[in-house]
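Take a look at the structure below.
The values are calculated or read from the model by the stated rules, or taken from the named source; none is laboratory data. Predicted model only: the values in this text are computed from it and were never measured. With ideal geometry, Cβ positions are generated from the backbone for all residues, glycine too; neighbour counts draw on all protein chains shown. When the accessible area is computed, the model is the full protein with side chains, heavy atoms only, and any ligands, DNA or RNA have been set aside. Shrake-Rupley method; radii C 1.70, N 1.55, O 1.52, S 1.80 Å.
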Amino acid sequence: MSERTFVMVKPDGVQRGLIGEIISRFETRGLKLAGAKFMQIDEDLAHEHYGEHEDKPFFDDLVEFITAGPVMAMVWEGQDATRQVRRMMGETDPADSAPGTIRGDFGLDLGRNVIHGSDHEDEGANEREIALFFDEDELVDYDRIDAEWLYE
Ligand code: DAT
Ligand code: MG
């Protein structure tokens, strides 16, 4: 079933010049870009976005990291998009991520893992995160010209 998911190139990915490479992977996979915003996350948004981790010992470092520089926030759409993006990202820790995944190809350290994607095991996380970063009118509805060659 086609769905939208929230994806973000984190400040380390932006600073390391990986935006294009990461977008390219999702594009060539066949996912459709529905929205994009190059932005700076402030403290409040960081707390809301990572609210589930508020009680974790790494929370302060996580907030500091995600607000340390601009991010590329995006919405990608397609069949099973949330789970497929997570599979392309790899594991939370780049050190455990298989080569060929984004974190496995571009990261080494848990605290610098390049990319965020909505958790497919957390029901509705994709919709919640999209709403946190995007207004409805910032998302675009259109067809990719290759859609009939991507889907049976
Ligand atoms: P993911 O980003 O794969 O969804 P998560 O939601 O469990 O992982 O955690 C959010 C971020 O917090 C993760 O990208 C990196 C950081 N993080 C997670 N577990 C950590 C830990 N044990 N120590 C330090 N940072 C951690
Ligand atoms: Mg998560």
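How big is the charge dipole of the chain about its Cα centre, in debye rounded to the nearest 20, if each Lys and Arg gets +1 on its Cβ and each Asp and Glu gets -1 on its Cβ?
Values: 15 positive and 36 negative charges, 157 e Å.
Here the chain has a charge dipole of around 760 debye.
Kindly rank 14-23, 87-96 from highest to lowest mean number of other beta carbons found within 10 Å of each residue. Mind dumping the intermediate values first?
Values: 14-23: 15.5, 87-96: 17.1.
Highest mean packing first, the order is 87-96, 14-23.
Output the relative contact order of the stretch 2-150, whole-number percent, from Cα pairs under 8 angstrom with separation of 6+ residues. Each step should come with its number before you reach the end.
Details: 237 pairs, mean separation 49.6, N = 149.
Normalised by residue count, the contact order of the stretch 2-150 is 33 percent.
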Mind checking the stretch 111-141 for GluC sites (Glu not before Pro) that DSSP puts in a loop (not H, G, I, E or B) and that have at most 13 other Cβ atoms within 10 Å? Glu121, Glu123
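For the stretch 2-150, report the accessible area per residue in Å² (1.4 Å probe, heavy atoms, rounded to an integer). Intermediate values should be presented prior to the final figure.
Details: 8100 Å² over 149 residues.
It amounts to 54 Å² per residue over the stretch 2-150.
At a Förster radius of 22 Å, what calculated FRET efficiency corresponds to the Cβ-Cβ distance of Asp109 and Leu132, to the nearest 0.05?
Working: r = 26 Å, r/R0 = 1.18.
The formula returns an efficiency of 0.25 here.
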Percent relative contact order of the stretch 14-82, based on C-alpha pairs within less than 8 angstrom and at least six residues apart? 51
Two pseudo-spin positions, 7 Å from Cα along C-beta at Glu21 and at Asp60, lie apart in nanometres by 3.3
Helix 19-29 vs. the chain, principal-axis angle (Cα, 0 to 90°, nearest 10): 40
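Place a +1 charge on the Cβ of each Lys and Arg in the stretch 69-112 and a -1 charge on the Cβ of each Asp and Glu, then give the dipole magnitude about the Cα centre in debye, rounded to the nearest 20. Numbers along the way, then the final one.
Values: 5 positive and 7 negative charges, 15 e Å.
Charge dipole of the stretch 69-112: 80 debye, to the nearest 20.
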Taking K and R as +1 and D and E as -1, what net charge do the other residues with C-beta under 13 Å from the C-beta of Glu138 add up to? -2
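Could you please state how large a percent of the accessible area of the chain is carbon and sulfur, counting protein chains only and using a 1.4 Å probe?
Heavy-atom surface of the chain belonging to carbon and sulfur, 1.4 Å probe: 47 percent.
Counting Lys +1, Arg +1, Asp -1, Glu -1, what net charge surrounds Met8 among other residues with beta carbon under 12 Å of its beta carbon?
On the way: positive: Lys10, Lys37; negative: Asp12, Glu129.
Within the 12 Å Cβ shell, the charges total 0.
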Using the Kirkwood radius over C-alpha pairs as Rh, can you work out the diffusion coefficient of the chain via Stokes-Einstein at 20 °C, viscosity 1.002 mPa s, in µm² per second? 136
